[in-house]
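Below is one structure, written out as structure tokens, with a few remarks after it.
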Amino acid sequence: MQKQTRRQFLSTSAAAAAGLLGAGATRVPVSTRTAARQASASGGRPWYQRTLRWMQTNIAEIDVTRYDIPWWRQHWKRTQTQGVVVNAGGIVAYYPTDVPLHRRSEFLGNRDLFGDLAKAAHDDGIVVFARMDSNGAGEAMYRAHPDWFTRKADGQPYFRDETLYAPCINGPYYREHIPAILREIATRYHPEGFTDNSWSGLSRASVCYCVNCRTRFRQSRGLDLPVERDWNSVAYRAWIEWSYTCRLEIWDLYNAAARDAGGSECLWVGMIGGTLSGAAGAFRDYREICRRADMIMLDSQRRSDATGFQANGQTGKLVHGLLGWDKLAPESMALYQTTTVSFRLTARPEPEVRLWAAEAFAGGIQPWWHYVNAYHEDRRMYTTPLALSEWYAANQNVLHPRVPLATVGIVYSQRNHDFFGRDHADVLVELPQRGFTQALTRARIPFVLVHADDLERDAPALRTLVLPNHGVMTAPQAAAIRAFVRRGGGLVATGVSSLLDEWGDPRADFALADTLGVGLPSAHPFRDEVQRRRSATEEAQSYLRLTPELRGRTAGPHMAGEPDGAGERHGVLKGFDQTDILAYGGSLAPLHVAAGSKVLLTFVPPFPAFPPEAVWSRRMTTDIPGLVVTEGPGSGRVAYLAADLDRRYARDNTGDTGALLANLVRWTAGEDIPLEVTGPGLLDCHLYRQPDRLILHCVNLTNEGTWRGPLDELIPVGPVDVRVRVPDARPRRLRLLVSKEQPPLSVADGWAAFRVSAILDHEVAVLEEQA
């Protein structure tokens, strides 16, 4: 048989697919033995709305010779798996492909491993995702089609690693070759869909100068590609925006190819990570992707020491806040070691997996157990998911779908991450947001994440919004926040929030100056990009002075001339009656404060920390504001924190700082927080509602590896007393889904109260109206 050229294959494969279906025929994406039959049995719901439990065995090429499919089928059954992710093609084909230059696995021979696994899964009533890996190719393809690959400014190719060349997102590799593979797999094997964690090409760290990129950028933006990383350059800014657009084109192209060959319910869903920083670095527009998607596959496999397990619950808030809480977002949960070095053939400690999964479940994420290789000498990883899978399957109707019940929203946007954070987003954007999320977690205050472009939709359900150093703000976003406050909503804003326009250039003043009650003098260091970065990394012995000063009436030594301790402090300063200063560490500059606004904290300039003989304040007071609050008739409460305590809490973990951040949120919310949890331990508390029930999901983060992994031991806490606001219902029954206990429930004055005797890893309390 004569070998086809690439273009002949692309043409004939599309024609063959059309001929098999016939003119006007409806494409059916799977065999009648699998998803079509299941959809009928489930009342017509499509597979992507009811496949909650997933597993992946990421195949190494040697696995073709040793894949024990009967054993894995039993493992699917033991874990009650509903969907499997099976390697199909891209870098390596695990089936006998006919797409030119699509390299077959070294050991494939006459075997069709993907086909065998897909048939086994479909015979067992399990959904199949064909897993692609599309970001690399070997020497043969590079030599045959050098125009498909990325280029540095000097014309040399970029490499994915030492052996694979990096294809260009704008060339025929992504736009013709991969769609041909998708069509081939869809028409031969009828998978329910495709997923791919490496679909978006080069990261933001590299500019591709190949002829495809040069031509497309010139046609789209009328510019030459930028020659250096310069966020103030028109060409570089245009390249950032254009690069996002190119990835969305790929997302749409692959979805069209999958549906065209596999039917209307054959989805291409790519993958996306669990953080905004990861998405920004890969030019993946989180909001736009979620707006396009029927489901999301999350590639977010492990915690970091800096963010802890709670980051996984926040990933759930991020993705569902954009995707919708009724859609599914399975997450790849590694069963192998994921420390600084990935040891993919040894088992991750079960407690580490358990808490990561518990936070996922608490955030509305579904399990997707992930193995690398089909054969392991460390057999512990096979038992790790069993109990978790059983528990999830037994309680999944409580875990999904559900809607968060929170009155606090933390505002973010990817554009702020890009054009304010620029090359320092970790310090300028991520740390301030993390400071607030950690403070609210410790205070057990439920919150959601709100995209700045969705404020008009999401803010009316909230009592207060938090802007953690949210520098870049468009005029419509600022108008939405201003309207929210005029309607009585609260606001906490810190640092340079709203100072910068959509490109990161400083305005004449804060866009929200009239709302914040402060104005920025013309020479203020917030206006200068270099000074902003410098102040964000300062580490000095400076303080914030509380107003009024109370030490004159509290126990301790006294001296001549100290304040007499007269007056009462604002409610924001609750809990600090025994101190007149709080640790800070940074610097501040003067601000204009509006009439009617109150300054509650002022700056105490730094002084030496060494030697001890030099430790005394040379200037004990200033009038430089650190915290300004505004409260007037007909509008909400506003707190502006000039001092970057949110960033410093994330970095320094000072208890006073976290308590103050929580106080600011409570005060601006008018104390309208629907949950009170008291008792020992670090608990991450998520509150949800479903028809006729409320659900409290608490994860116990108190453990011997709280800030450093991996975790080997769980430490129980308790008793824990809970009060949940139930203004429109009177729950009659309480169930605890983990311990199986049914503690006494009391309801009075719109609040339900109960006690949980102990929490080991997590607990789910279900309050139902029906007895």
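The values are calculated or read from the model by the stated rules, or taken from the named source; none is laboratory data. In this text, all values refer to a predicted model and were calculated from it rather than measured experimentally. Cβ sites come from the backbone with ideal geometry, for glycine too, and all protein chains shown count toward neighbours. For accessibility, only protein heavy atoms count, side chains too; no ligands or nucleic acids. Shrake-Rupley method; radii C 1.70, N 1.55, O 1.52, S 1.80 Å.
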_When you scan segment 611-619, do you find a residue that is surrounded by 13 or more Cβ atoms within 10 Å (Cβ to Cβ), over 30 Å from Phe526 (Cβ atoms), over 38 Å from the mean Cα position of the chain (by Cα) and not aromatic (Phe, Trp, Tyr), even just one?_
no
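Out of all the residues in segment 760-771, which are closer than 20 Å to Thr702 by Cβ and either of a type in the set (Lys, Arg) or out of contact with any Leu (no Cβ under 7 Å at 6 or more places or on another chain) (or both)?
First pass over segment 760-771, keeping only residues closer than 20 Å to Thr702 by Cβ: 760-765.
Selection gives His762 alone.
For Glu288, indicate whether it is over 14 Å from Thr437 (Cβ atoms), among the charged types (D, E, K, R) and open to solvent by less than 10 Å² (accessible area, probe 1.4 Å). Break it down into steps so the answer makes sense when it comes.
On the way: over 14 Å from Thr437 (Cβ atoms): yes; among the charged types (D, E, K, R): yes; open to solvent by less than 10 Å² (accessible area, probe 1.4 Å): no.
No, not satisfied.
Which of the strands (runs of 3 or more DSSP E) contained wholly in segment 657-719 include at least 1 residues that are under 30 Å from Tyr640 (Cβ atoms) and open to solvent by less than 10 Å² (accessible area, probe 1.4 Å)? Before you say what the answer is, go through the steps one by one.
Values: elements: 675-678, 683-690, 693-700.
Per the criteria, 675-678, 683-690.
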*Please go through segment 623-644 and pick out each residue that is in a loop (DSSP other than H, G, I, E, B) and either buried (at least 24 other Cβ atoms within 10 Å of the Cβ) or under 27 Å from the mean Cα position of the chain (by Cα) (or both).*
Ala642, Ala643, Asp644
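Taking only segment 246-297 into account, find how many residues are acidic (Asp, Glu), more than 23 Å from Asp326 (Cβ to Cβ) and in contact (Cβ under 8 Å) with a residue 24 or more places away in the chain.
The initial filter retains those residues of segment 246-297 that are acidic (Asp, Glu), namely 249, 252, 260, 265, 285, 288, 294.
Keeping just the survivors that are more than 23 Å from Asp326 (Cβ to Cβ) gives 249, 260.
Imposing the further condition that a residue be in contact (Cβ under 8 Å) with a residue 24 or more places away in the chain reduces the set to 260.
Final tally of qualifying residues: 1.
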*Could you please find all residues in segment 262-293 being farther than 17 Å from Tyr48 by Cβ and either over 17 Å from the mean Cα position of the chain (by Cα) or part of a helix (DSSP H, G or I) (or both)?*
Leu276, Ser277, Gly278, Ala279, Ala280, Gly281, Tyr286, Arg287, Glu288
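Conditions tested, residue by residue: (1) under 19 Å from Ala393 (Cα atoms); (2) of a type outside the set (Gly, Ala, Ser); (3) in contact (Cβ under 8 Å) with a residue 24 or more places away in the chain; (4) open to solvent by 10 Å² or more (accessible area, probe 1.4 Å).
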position: Phe309; (1), (2), (3), (4): no, yes, yes, no
position: Thr339; (1), (2), (3), (4): no, yes, yes, yes
position: Thr346; (1), (2), (3), (4): no, yes, yes, yes
position: Leu355; (1), (2), (3), (4): yes, yes, yes, no
position: Ala362; (1), (2), (3), (4): yes, no, yes, no
position: Asn373; (1), (2), (3), (4): no, yes, yes, yes
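Just the residues that are open to solvent by 10 Å² or more (accessible area, probe 1.4 Å) and closer than 17 Å to Met132 by Cβ, please, taken from segment 185-204.
Applying the first criterion (open to solvent by 10 Å² or more (accessible area, probe 1.4 Å)) to segment 185-204 yields 187-190, 197-198, 201-204.
Within segment 185-204, Thr187, Arg188, Tyr189, His190, Asn197, Ser198, Gly201 meet the criteria.
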*Output the number of the condition that His697 fails; it satisfies all remaining conditions of (1) without any contact (Cβ under 8 Å) to a residue 40 or more places away in the chain; (2) under 27 Å from the mean Cα position of the chain (by Cα).*
(1)
*asked:* I need the full set of residues from segment 725-743 which are open to solvent by 20 Å² or more (accessible area, probe 1.4 Å), under 20 Å from Ala362 (Cα atoms), in a loop (DSSP other than H, G, I, E, B) and touching a residue at least 24 places away in the same chain (Cβ under 8 Å), in order please.
replied: Val738, Ser739
